[in-house]
Amino acid sequence: MSPVGEVADAPRPKEWILGIHAYVPGKSAGKDGRPLIKLSANENPLGTSAQALAARTAPLAPSLYPDPDSKDLRKALGDLHGIAPERIVMGTGSDELLNLAAQAYAGVGDEVLYVRFGFSVYDIAARRCGATPVIAPDRDYGTDVDALLASVTERTRVVFLANPNNPTGSYIGRSEITRLHAGLRPDILLVLDQAYAEYVAPEDADGALELAASSANVLVTRTFSKIYGLAGERIGWGTGAPAIVDMLNRIRGPFNVSLTAQAAGIAAVADQDFVEASRLHNLRERTRFVAALEALGNHGLRPLPSEANFVLIEFSGKLTAEAAYDGLMEHGYITRWLPGQGLPQCLRITIGTPEQMDDIATALRTMAEAAQ
Ligand code: PMP
């Protein structure tokens, strides 16, 4: 059937919109509809800060619009990170900011560049404003700065880089980020997506926030969906030169952060103990899980190095990623198999509780041994 329907004179979508495949979220229920333990969306296994939970259920006035400028939340973030609130823009999740960045700086005839296996929203962000997505080759699933720089053309307007990257977990350090920025023309916007930065210690080890503070062409985006445990409230933020922040403010939704989201966000920023506990939990459990997976190397399982709250596992032995995905589902877990992102040989698993990670490592071992 034609995507515009059968009616000849129906509204015609722009041709670049027809090329977009809707974002495919991970499943949340098994084949028979029974609930599964969800380790497919990189959410926080510790839940949400108790203070943030209390703030969003405190008496608020939902008959009134929220503060359109999220002033108190921007101030809280500015105080925490040493950034002037005027240099901070809020989004309905960082997804909104990624889309706005592409929309503000790229259009028909322009190119938006990112690395192979980059975050899937970059493709949608590029296409929805009519720009052409250009994909630079990876280096063993990781970011190759030379390949990115070699893929820049005179039409490049925006470069997206997630660091750590999703779905690979790969990370590049400060010297590589500096080299990437130095190699780009100043009229290209470099978007450094730090959705998982708080899992890295120190969290600005790649110098992205410093670069956003000192350059005219860098936007850093962050989210409350991961370490802050507020994915359901949809809060993202970005920082960069005042001119960039101004452009995004012009085109964002006027009340794009809800009343409960602003209240929860402010309380979550104040509870850095929860953030630190989440970071330590992740480091401990990721290290243990990776060690358990490395012991399965002779069965063809390879955990890729990850600085994030998930691990991407490559399967090259008798047990395939698809079979492992199905087997884990039988076992009660939903993980992320990624054929749609060119990774049919890989499974991404979010770091959960110690019991869940032990259970999954044991299940993978049993399946790998049975496949021999
Ligand atoms: N960037 C990256 C790299 C991500 O993995 C995600 C979440 N999957 C986002 C941005 C968007 O997160 P949100 O819109 O929830 O802030």
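Observations on the structure shown:
- Cα-Cα separations in region 280-332 greater than 16 Å, expressed as whole percent: 46
- Dipole of region 50-270 [Lys/Arg +1, Asp/Glu -1 at C-beta], most positive-end residue of Leu98, Ser215, Cys129: Cys129
- For Lys75, the aspartates and glutamates whose Cα comes closer than 12 Å to its Cα, not counting residues fewer than 8 places off in the same chain, are Glu86.
- At q = 0.07, 0.15 Å⁻¹, base-10 log of I(q)/I(0) for the chain (Debye sum, equal scatterers on each alpha carbon): -0.32, -1.39
- Packing-based order for 256-263, 14-21, using average beta carbon neighbours within 10 Å, highest first: 256-263, 14-21
- The mean sequence separation of alpha-carbon pairs under 8 Å and at least six residues apart, normalised by the residue count of the chain, gives a relative contact order of 22 percent.
- Interchain or long-range residues, amide H under 5 Å from Thr156's placed H: Glu111
- Put the Cα centre of region 318-334 next to the Cα centre of region 107-172 and the gap is 30 Å.
- With Cα atoms defining each centre, region 31-79 and region 218-233 are spaced 10 Å apart in the structure.
- Taking amide H atoms as placed 1.01 Å from N in the peptide plane, the amide H of Thr223 lies under 5 Å from those of Trp237, each 5 or more residues away in sequence or on another chain.
- Considering only the chain, percent of DSSP beta bridges that pair antiparallel, nearest 5: 55
- Within the listed set Pro25, Pro164, Pro133, the residue fluctuating most in the Gaussian network model of the chain (springs between alpha-carbon atoms under 10 angstrom) is Pro25.
- Protection proxy ranking, peptides 92-104, 63-75, average beta carbon neighbours within 10 Å, highest first: 92-104, 63-75
Just so you know, all these numbers are worked out from the coordinates, no wet-lab data involved. In this text, all values refer to a predicted model and were calculated from it rather than measured experimentally. Every residue, glycine as well, gets a Cβ built from its backbone with ideal geometry; the counts of neighbours run over all protein chains shown.
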